[in-house]
């Protein structure tokens, strides 16, 4: 069965530190990949997505993610986090042959001012 | 900016009672999703509609849960009878079609006592 694994449940960083959140999935076929973010008190919103083409994807607010097919990974990165990046981040995968999107358990990021 | 609307935002009920949640997707979006998010986990798809037809309800507990989208626009998710384990956030999302980005509503937080 398809699954998504996010390596860290909680991450605490100081402002200006670099961020990398891990995401691995299990599915052998072609996939669409997503990172969603949920800021405190707000609903889930799309941060970035990969469908095809350049495996390095740039999203909103300075975030980027790299799809490494051989590692079944889609890690999220940001070179310098801000206090306003405090949120929960979800990786999600959808196989192109089906409809269902599978979400990881999420990573709570807390950025200290 | 168009948004997915959900109501109520919060619901407290006693076990064995019936509850219903309503979702109004972004206008023109053919695909509608209901997810359940248990605390500490990522969203899990309960049911997916394409217009008024169900395309995936494999994770919907059909003995107590039902969902409908009669005119292919807004949708209702019902639980009868509610159980303690149903306490969770119920999220609705919509997309222009099943291959596109999902837009999430604010969710309905259900507490079953």
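Please treat every number below as a calculation from the coordinates, not as lab data. Every value quoted in this text rests on a predicted model; they were computed, and no experiment measured them. Because the Cβ atoms are built from the backbone with ideal geometry, glycine has one as well, and the counts that use them run over all protein chains shown.
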* To do: Report, for chain A, the % of DSSP beta bridges that are antiparallel, rounded to 5.
  => 90 percent
* **Residues A:78, A:69, B:15, sorted so that the one with the fewest Cβ neighbours within 10 Å comes first** => A:69, B:15, A:78
* Asked: In whole angstrom, how long is each semi-axis of the equivalent ellipsoid of chain A, when you take the square root of 5 times every eigenvalue of its Cα gyration tensor and sort them from largest down?
  -> 24, 14, 12
* If you rank B:9, B:109 by fewest surrounding Cβ atoms within 10 Å, what's the result? -> B:9, B:109
* To do: May I have the convex hull volume per residue, in Å³, for the Cα set of the protein assembly as shown?
  => 125 Å³
* Structure fact -> So the compactness index of chain B, its C-alpha Rg divided by 2.2 N^0.38 Å, takes the value 0.99
* Tell me, A:91, B:23 in order of fewest to most beta-carbon neighbours within 10 Å? -> B:23, A:91
* Structure fact -> Computed on Cα atoms, the radius of gyration and Dmax of segment A:70-112 in angstrom are 13.4, 42
